[in-house]
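Just below is one structure, and these are the notes that go with it.
The values are calculated or read from the model by the stated rules, or taken from the named source; none is laboratory data. Given the structure is predicted, the values throughout are model-derived calculations rather than measurements. Reconstructed Cβ throughout: ideal geometry from the backbone, glycine too, with neighbour counts over all protein chains shown. Heavy atoms of the whole protein, side chains included, go into the accessibility calculation; ligands, DNA and RNA do not. Shrake-Rupley method; radii C 1.70, N 1.55, O 1.52, S 1.80 Å.
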Amino acid sequence: MKATFEVDKVSVSHRLKEVDLTIPSGRCIHILGPNGAGKSTLLNTLGAIVPATAGQVLLNQRPIEAWPLPVLASFRSILAQHSEAVFSVSVADYLSFFSHDEQSIVPTMLEKALEVGGYFSQSINRLSGGERQRVEICRSLMQVWPAIEQGEAVLLLDEPLQGLDIRHQYGFLALCTRLCELGNTLILSCHDISLSANYGQDIIFMKHGQVTSYGAVGEVMTAQNLENTFDCHFAVKERDDFLEIQVCAPIVG
Ligand SMILES: Nc1ncnc2c1ncn2[C@@H]1O[C@H](COP(=O)(O)OP(=O)(O)OP(=O)(O)O)[C@@H](O)[C@H]1O
């Protein structure tokens, strides 16, 4: 079963305004927009955490609120922007709650990208912000790992790159590409425009609770769209396979 979203004129009071989107399965979609644009709200509405006050979200033609929670939880995972406090358990114990494998706690593909094995004996509450974020990304993916292996997962990640050092940012983005190649659908919010330009397949630009532009990176990653979204001057240059994004200055007045 491949996951497809149809978002039909979805509003959430004072937070989202008449959002229309069709999101096919197997894509790696980055949501970009300034603070307060509605990125987290959109992710939470797609994930059935925040209900729409008008319009409808369909997941595989079925209203999102009509999915039984245990079924939804078997293939849809959410990484929240701020992780909840956890009891003082070791990282190994924490992750083992979400493990589907008796041989090793963390799947090899995740360990290669996130390198959490070195923290197994440490208490989760004593990790640095970035270390904790890697553990939380790992947890969110392990939660639906059988669906990921089948290429049927929907991964909704709110600012997953937050706090990651450069090595783990690139490791994680390469992992995202691999997960989408398997057929999984990945939707994440991000504040690093250059990384999104080069690692996202599709971009959703948001501002003031509305989607201002949505499409393949090559079509929508234009200086005009960036300026409209962020109120800054931009230069976009294509170099070989690489899109170079320069922020020149905020638009004044
Ligand atoms: N629980 C809530 N109840 C009411 N309004 C909220 C709630 N959470 C967020 N908002 C408001 O909704 C708007 C969109 O917030 P949202 O968190 O979706 O933005 P965002 O694009 O994810 O921002 P950021 O980049 O700062 O994380 C903001 O104006 C915010 O103040």
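Indicate the gyration tensor shape class of region 94-150 (rounded, prolate or oblate), computed on the Cα atoms with a ≥ b ≥ c the square roots of the eigenvalues: a/c under 1.5 is rounded; otherwise a/b larger than b/c is prolate and the rest oblate.
prolate
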**Low-density loop cleavage sites - GluC sites (Glu not before Pro) in region 25-121, where at most 16 other Cβ are within 10 Å (DSSP)** = 84, 102, 115
**Prompt:** residue 252 accessible area, nearest 10 Å², 1.4 Å probe?
**Reply:** 140 Å²
**Message:** Can you compute the modelled spin-label distance between residue 182 and residue 66, with each label point 7 Å from Cα toward Cβ, in nm?
**Reply:** 3.0 nm
**Item:** Cα-based reach from residue 39 at 19 Å (exclusive), listing lysines while leaving out same-chain residues under 8 positions away
**Value:** 9, 17, 207
**Message:** As a test, work out the antiparallel percent of DSSP beta bridges whose residues both lie in the chain, rounded to the nearest 5.
**Reply:** 65 percent
**Request:** Just name one of 42, 146, 54: the one whose Cα is farthest towards the positive end of the charge dipole of region 32-172 (beta-carbon charges, Lys/Arg +1, Asp/Glu -1).
**Result:** 54
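First measure r as the distance between the Cβ atoms of residue 227 and residue 58, then evaluate 1/(1 + (r/R0)^6) with R0 = 35 Å and state the FRET efficiency to the nearest 0.05. Don't skip to the end; give the middle numbers.
Values: r = 33 Å, r/R0 = 0.94.
Efficiency, from the Cβ-Cβ distance: 0.60.
How do 229, 108, 22 stack up against each other in accessible area, from largest to smallest, with a 1.4 angstrom probe? Write out the running numbers ahead of the final one.
Numbers: 229 0, 108 95, 22 75 Å².
Ranking 229, 108, 22 by accessible area, largest first, yields 108, 22, 229.
In the chain, which longest range has no chymotrypsin sites (Phe, Trp or Tyr not before Pro) that are both DSSP loop (not H, G, I, E or B) and surrounded by at most 16 other Cβ atoms within 10 Å?
Counting only loop sites that pass the neighbour cut-off, the longest clear stretch is 121-253.
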**Asked** Hey, any idea what % of the chain's accessible area is carbon plus sulfur with a 1.4 Å probe?
**Response** 51 percent
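Can you give the charge dipole size of the chain about its Cα centre, rounded to the nearest 20 debye, using +1 on the beta carbon of Lys and Arg and -1 on the beta carbon of Asp and Glu? Please list the in-between numbers first.
On the way: 18 positive and 28 negative charges, 71 e Å.
The dipole magnitude comes to about 340 debye.
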